[in-house]
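The structure appears below as structure tokens.
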Amino acid sequence: MRKAFVAGNWKMNTDNHSGVELVKGIKDAAQANSSKVDVAVFPPFVYLQQVAKAAEAPIAVGSQDIYFEEKGAFTGEISSAMLKDVGCVYALCGHSERRHVIGETNEIVNKKVKASIDGGLLPVLCIGELIEERKAEKTFEVLTEQIKKGLAGLTAEKVSAVTLAYEPVWAIGTGLTATGEQAQEAHSFIRKLIAEIYDETIAENIRILYGGSAKPENTAELMAQKDIDGLLVGGASLKADSFSAMIAAAV
Ligand code: PGA
């Protein structure tokens, strides 16, 4: 049985004070629902340490990105060891904004997934199609490529550390949510693909989150879908009230 997982991706938002307040503000909901829902927040790098200190169990903290080298002359980058050092448990890999704004390729994302696992972090591998790709009926093709390349070289044992997040790019930050049915179609496809690449047990156990304008009002519909195991939440995770409501509604 897969435990629900609700994760808040703060993106380039919050500040010194508000990030700490935000993580404190979701404590009650996280604790009240901890037997049924895992909760994590992904603050900007510079606030990770203080948010991790302020985050009481069971809230976990993750990074929005990671670099795949261990250390050295990589100006501006952050390694898995540094992330662990400040209290991270998870690392987002290949968020669509990194793919489409920063230009990360599937090959880079794959290195980041591997570096996360090798460094003792749990990667959340983000995948999802652009609106043009959906319109051209290429959604499954894009997902297949992102998954096969993103997980390339990972053994069955290592892939058990991975959470997948299906985030149709056209639904991110746009207010356009995929319907429960559209999301379920993609999630079911992804789970079958994992069964083909690995096996049924791994496919049954891997958590697949949905992301893209998830909010309190659509949480129940999304979570009611058989293959949706949780949510990766952007905008609605920036307010303690709305994120708390989503945690409570995700059980
Ligand atoms: P959104 O972002 O909830 O604001 O659409 C989701 C994400 O990008 O992870």
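The values are calculated or read from the model by the stated rules, or taken from the named source; none is laboratory data. Predicted model, so just to flag it, every value in this text is computed and none were measured. Cβ coordinates were reconstructed from backbone atoms using ideal geometry, including for glycine residues, and neighbour counts include every protein chain displayed. Surface accessibility is based on the protein's heavy atoms, side chains included, excluding ligands, DNA and RNA. Shrake-Rupley method; radii C 1.70, N 1.55, O 1.52, S 1.80 Å.
A few notes on this one:
- Of all the criteria given as (1) surrounded by fewer than 20 Cβ atoms within 10 Å (Cβ to Cβ); (2) within 16 Å of the ligand (Cβ to nearest atom); (3) modelled with pLDDT of 95 or more, the one not satisfied by I131 is (3).
- Test result for G180, within 9 Å of the ligand (Cβ to nearest atom), surrounded by fewer than 20 Cβ atoms within 10 Å (Cβ to Cβ) and touching a residue at least 40 places away in the same chain (Cβ under 8 Å): no
- Applying the condition of being touching a helix residue (DSSP H, G or I) at 6+ places or on another chain (Cβ under 6 Å) and part of a strand (DSSP E or B) to the range 204-232 and asking which residue is farthest from G175 (Cα to Cα) yields I208.
- When L222, L231 are screened for being more than 26 Å from D15 (Cβ to Cβ), within 12 Å of the ligand (Cβ to nearest atom) and open to solvent by less than 30 Å² (accessible area, probe 1.4 Å), only L222 passes.
- Residue in the range 163-171 that is touching a residue at least 40 places away in the same chain (Cβ under 8 Å), touching a Pro at 6+ places or on another chain (Cβ under 8 Å), open to solvent by 20 Å² or more (accessible area, probe 1.4 Å) and more than 10 Å from the ligand (Cβ to nearest atom) present: no
- Failed criterion for A195 (all others in (1) within 14 Å of the ligand (Cβ to nearest atom); (2) among the aliphatic types (A, V, I, L, M); (3) over 18 Å from the mean Cα position of the chain (by Cα); (4) in a helix (DSSP H, G or I) hold): (1)
- Annotation note: of V89, V142, the sole residue that is more than 14 Å from the chain's Cα centre (by Cα), under 29 Å from A178 (Cβ atoms), modelled with pLDDT of 95 or more and more than 16 Å from the ligand (Cβ to nearest atom) is V142.
- Qualifying residue in the range 103-119 (condition: of a type in the set (S, T, N, Q), without any contact (Cβ under 8 Å) to a residue 12 or more places away in the chain and either away from the ligand (no atom under 15 Å from the Cβ) or open to solvent by 50 Å² or more (accessible area, probe 1.4 Å) (or both)): yes
- Residues in the range 1-45 that are of a type in the set (K, R) and loosely packed, with under 15 Cβ neighbours inside 10 Å were compared, and the one that is farthest from the ligand (Cβ to nearest atom) is K36.
- Taken together, the residues in the range 1-60 that are part of a helix (DSSP H, G or I) and of a type in the set (F, W, Y) amount to 2.
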